[in-house]
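For reference, the structure is listed below as C-alpha coordinates.
The values are calculated or read from the model by the stated rules, or taken from the named source; none is laboratory data. Keep in mind the model is a prediction, meaning the values are calculated, not measured. Every residue, glycine as well, gets a Cβ built from its backbone with ideal geometry; the counts of neighbours run over all protein chains shown.
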Amino acid sequence: MPGSSHHHPPRPADEQRRFEEAMHELWEDRVTFNKTLGLKIESFALPEPRVRFDMRPELVGHYLYGRLHGGVTSSVLDATGGFALMCAIADKHRDEPPEQVMLRFTRMGTIDLRIDFLRQGIGERFYAAARVTRLGGRIGSVQMTLTNETGLLIATGAASYVIS
(Lines give C-alpha, C1' and ligand atoms only; values in the text may rest on other atoms or scores of the structure.)
Protein backbone atom coordinates (compact mmCIF):
# COMPACT_ATOMS: atom_id res chain seq x y z
CA MET A 1 0.00 0.00 0.00
CA PRO A 2 1.38 3.44 -0.88
CA GLY A 3 2.60 5.39 2.12
CA SER A 4 2.71 2.33 4.36
CA SER A 5 5.98 1.69 6.10
CA HIS A 6 6.29 -1.92 7.07
CA HIS A 7 9.43 -1.25 9.14
CA HIS A 8 7.47 -1.81 12.33
CA PRO A 9 6.78 -5.30 13.59
CA PRO A 10 3.25 -6.62 13.06
CA ARG A 11 0.67 -6.22 15.80
CA PRO A 12 1.05 -8.97 18.43
CA ALA A 13 -1.13 -11.99 17.60
CA ASP A 14 -3.48 -11.59 20.58
CA GLU A 15 -4.05 -7.88 19.79
CA GLN A 16 -4.63 -8.70 16.11
CA ARG A 17 -7.18 -11.33 17.14
CA ARG A 18 -8.94 -8.76 19.40
CA PHE A 19 -8.92 -6.21 16.59
CA GLU A 20 -10.39 -8.70 14.09
CA GLU A 21 -13.09 -9.79 16.57
CA ALA A 22 -14.00 -6.14 17.20
CA MET A 23 -14.12 -5.48 13.44
CA HIS A 24 -16.38 -8.49 12.84
CA GLU A 25 -18.77 -7.23 15.54
CA LEU A 26 -18.72 -3.63 14.31
CA TRP A 27 -18.77 -4.23 10.59
CA GLU A 28 -21.03 -7.30 10.33
CA ASP A 29 -23.42 -6.75 13.26
CA ARG A 30 -23.44 -3.17 14.56
CA VAL A 31 -23.54 -1.53 11.11
CA THR A 32 -27.06 -2.77 10.49
CA PHE A 33 -27.07 -1.89 6.79
CA ASN A 34 -24.09 -4.22 6.26
CA LYS A 35 -26.05 -6.86 8.16
CA THR A 36 -29.08 -6.25 5.92
CA LEU A 37 -26.90 -6.74 2.85
CA GLY A 38 -25.47 -9.93 4.39
CA LEU A 39 -21.86 -8.73 4.22
CA LYS A 40 -19.24 -10.97 5.80
CA ILE A 41 -15.54 -10.27 6.16
CA GLU A 42 -13.58 -12.70 4.00
CA SER A 43 -10.06 -11.35 4.62
CA PHE A 44 -8.32 -8.52 6.47
CA ALA A 45 -5.16 -9.01 4.40
CA LEU A 46 -3.57 -5.91 2.95
CA PRO A 47 -3.19 -4.66 0.32
CA GLU A 48 -6.65 -5.91 -0.70
CA PRO A 49 -9.09 -6.87 2.09
CA ARG A 50 -12.18 -8.79 0.89
CA VAL A 51 -15.81 -9.23 1.86
CA ARG A 52 -18.50 -11.55 0.53
CA PHE A 53 -22.26 -11.88 0.41
CA ASP A 54 -24.76 -14.36 -0.95
CA MET A 55 -27.45 -13.55 -3.49
CA ARG A 56 -30.88 -13.42 -1.89
CA PRO A 57 -34.33 -12.48 -3.26
CA GLU A 58 -34.21 -9.20 -1.28
CA LEU A 59 -31.17 -8.07 -3.31
CA VAL A 60 -32.70 -8.61 -6.77
CA GLY A 61 -33.13 -5.50 -8.90
CA HIS A 62 -34.57 -7.03 -12.07
CA TYR A 63 -37.19 -9.64 -11.25
CA LEU A 64 -37.18 -11.27 -14.69
CA TYR A 65 -33.43 -11.91 -14.73
CA GLY A 66 -32.77 -12.21 -11.00
CA ARG A 67 -29.82 -9.87 -11.17
CA LEU A 68 -28.33 -7.82 -8.37
CA HIS A 69 -29.84 -4.37 -7.81
CA GLY A 70 -27.47 -1.55 -8.79
CA GLY A 71 -27.99 0.10 -5.42
CA VAL A 72 -26.76 -3.06 -3.71
CA THR A 73 -23.69 -3.07 -5.95
CA SER A 74 -22.97 0.58 -5.10
CA SER A 75 -23.56 0.08 -1.39
CA VAL A 76 -21.37 -3.02 -1.20
CA LEU A 77 -18.50 -1.30 -2.99
CA ASP A 78 -18.84 1.79 -0.78
CA ALA A 79 -18.83 -0.35 2.39
CA THR A 80 -15.87 -2.37 1.11
CA GLY A 81 -13.89 0.80 0.42
CA GLY A 82 -14.52 1.91 4.00
CA PHE A 83 -13.51 -1.52 5.28
CA ALA A 84 -10.22 -1.39 3.36
CA LEU A 85 -9.47 2.01 4.87
CA MET A 86 -10.21 0.65 8.34
CA CYS A 87 -7.70 -2.15 7.73
CA ALA A 88 -5.10 0.31 6.42
CA ILE A 89 -5.62 2.68 9.38
CA ALA A 90 -5.29 -0.25 11.78
CA ASP A 91 -2.05 -1.25 10.06
CA LYS A 92 -0.72 2.32 10.19
CA HIS A 93 -1.49 2.52 13.93
CA ARG A 94 -0.56 -1.06 14.85
CA ASP A 95 1.33 0.22 17.90
CA GLU A 96 -2.02 1.27 19.43
CA PRO A 97 -4.35 -1.12 21.28
CA PRO A 98 -7.36 -2.35 19.24
CA GLU A 99 -9.83 -0.30 21.31
CA GLN A 100 -7.98 2.92 20.48
CA VAL A 101 -7.76 2.03 16.78
CA MET A 102 -11.52 1.34 16.71
CA LEU A 103 -12.17 4.91 17.94
CA ARG A 104 -10.42 6.23 14.84
CA PHE A 105 -13.30 4.93 12.69
CA THR A 106 -16.04 6.98 14.35
CA ARG A 107 -15.69 9.98 12.04
CA MET A 108 -15.23 8.17 8.74
CA GLY A 109 -17.59 9.03 5.91
CA THR A 110 -17.85 8.84 2.14
CA ILE A 111 -17.01 12.05 0.27
CA ASP A 112 -17.20 10.81 -3.31
CA LEU A 113 -18.21 7.52 -4.92
CA ARG A 114 -18.06 6.44 -8.54
CA ILE A 115 -19.31 3.05 -9.71
CA ASP A 116 -18.82 1.52 -13.15
CA PHE A 117 -21.36 -1.24 -13.82
CA LEU A 118 -19.57 -3.58 -16.25
CA ARG A 119 -21.82 -6.65 -16.35
CA GLN A 120 -25.13 -7.85 -14.98
CA GLY A 121 -24.94 -8.90 -11.35
CA ILE A 122 -25.70 -12.58 -11.90
CA GLY A 123 -24.38 -15.09 -9.40
CA GLU A 124 -24.92 -17.07 -6.24
CA ARG A 125 -22.14 -15.43 -4.18
CA PHE A 126 -20.30 -12.16 -4.67
CA TYR A 127 -16.90 -10.96 -3.52
CA ALA A 128 -15.84 -7.35 -3.10
CA ALA A 129 -12.24 -6.27 -2.66
CA ALA A 130 -10.66 -2.86 -2.19
CA ARG A 131 -7.19 -1.39 -2.43
CA VAL A 132 -6.24 1.85 -0.69
CA THR A 133 -4.51 4.14 -3.20
CA ARG A 134 -3.88 6.99 -0.75
CA LEU A 135 -4.02 7.18 3.03
CA GLY A 136 -3.54 10.76 4.12
CA GLY A 137 -4.09 12.36 7.50
CA ARG A 138 -7.64 13.47 6.68
CA ILE A 139 -8.64 11.84 3.38
CA GLY A 140 -8.32 8.29 2.06
CA SER A 141 -8.80 7.10 -1.53
CA VAL A 142 -9.76 3.57 -2.54
CA GLN A 143 -10.40 1.47 -5.67
CA MET A 144 -12.86 -1.42 -5.41
CA THR A 145 -14.00 -4.45 -7.44
CA LEU A 146 -17.04 -6.74 -7.31
CA THR A 147 -16.92 -10.24 -8.78
CA ASN A 148 -19.21 -13.25 -8.68
CA GLU A 149 -18.24 -16.75 -7.55
CA THR A 150 -16.77 -17.56 -10.97
CA GLY A 151 -14.45 -14.54 -10.82
CA LEU A 152 -16.43 -12.57 -13.42
CA LEU A 153 -15.91 -8.83 -12.87
CA ILE A 154 -19.33 -7.23 -12.28
CA ALA A 155 -18.41 -3.67 -11.30
CA THR A 156 -15.55 -1.42 -10.25
CA GLY A 157 -15.55 1.64 -8.06
CA ALA A 158 -13.43 4.49 -6.80
CA ALA A 159 -14.13 6.51 -3.69
CA SER A 160 -12.76 9.11 -1.32
CA TYR A 161 -13.48 9.13 2.41
CA VAL A 162 -12.93 11.56 5.23
CA ILE A 163 -10.98 9.64 7.85
CA SER A 164 -10.45 12.18 10.62
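Annotations
- Considering the range 39-94, the residues that are hydrophobic (A, V, I, L, M, F, W, C) and touching a Pro at 6+ places or on another chain (Cβ under 7 Å) include one that is surrounded by the fewest Cβ atoms within 10 Å (Cβ to Cβ), namely C87.
- The residue that is nearest to R67 (Cα to Cα), among those in the range 142-152 that are of a type in the set (S, T, N, Q) and outside any loop (DSSP other than H, G, I, E, B), is N148.
Rundown of residues vs (1) at pLDDT below 95; (2) in a loop (DSSP other than H, G, I, E, B); (3) small (G, A, S), yes/no style:
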| site | (1), (2), (3) |
| --- | --- |
| N34 | no, no, no |
| D78 | no, no, no |
| G82 | no, no, yes |
| T106 | yes, yes, no |
| R114 | no, no, no |
| Y127 | no, no, no |
| G140 | no, no, yes |
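- Some residue of the range 1-10 being more than 10 Å from the chain's Cα centre (by Cα) and either modelled with pLDDT of 95 or more or of a type in the set (D, E, K, R) (or both): no
Listed here are the residues, each with its yes/no results for (1) hydrophobic (A, V, I, L, M, F, W, C); (2) touching a residue at least 12 places away in the same chain (Cβ under 8 Å).
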{"site": "A13", "(1), (2)": "yes, no"}
{"site": "H24", "(1), (2)": "no, yes"}
{"site": "V31", "(1), (2)": "yes, yes"}
{"site": "F44", "(1), (2)": "yes, yes"}
{"site": "E48", "(1), (2)": "no, yes"}
{"site": "Y65", "(1), (2)": "no, yes"}
{"site": "V72", "(1), (2)": "yes, yes"}
{"site": "S75", "(1), (2)": "no, yes"}
{"site": "T80", "(1), (2)": "no, yes"}
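- Scanning the range 79-127 for residues that are within 17 Å of S43 (Cα to Cα), touching an Asp or Glu at 6+ places or on another chain (Cβ under 9 Å) and not charged (D, E, K, R) returns A84, A90, F126, Y127.
- The range 101-126, residues that are aliphatic (A, V, I, L, M) and in contact (Cβ under 8 Å) with a residue 12 or more places away in the chain: V101, M102, M108, I111, L113, I115, L118, I122
- Qualifying residue in the range 26-40 (condition: under 16 Å from V162 (Cα atoms) and of a type in the set (S, T, Y)): no
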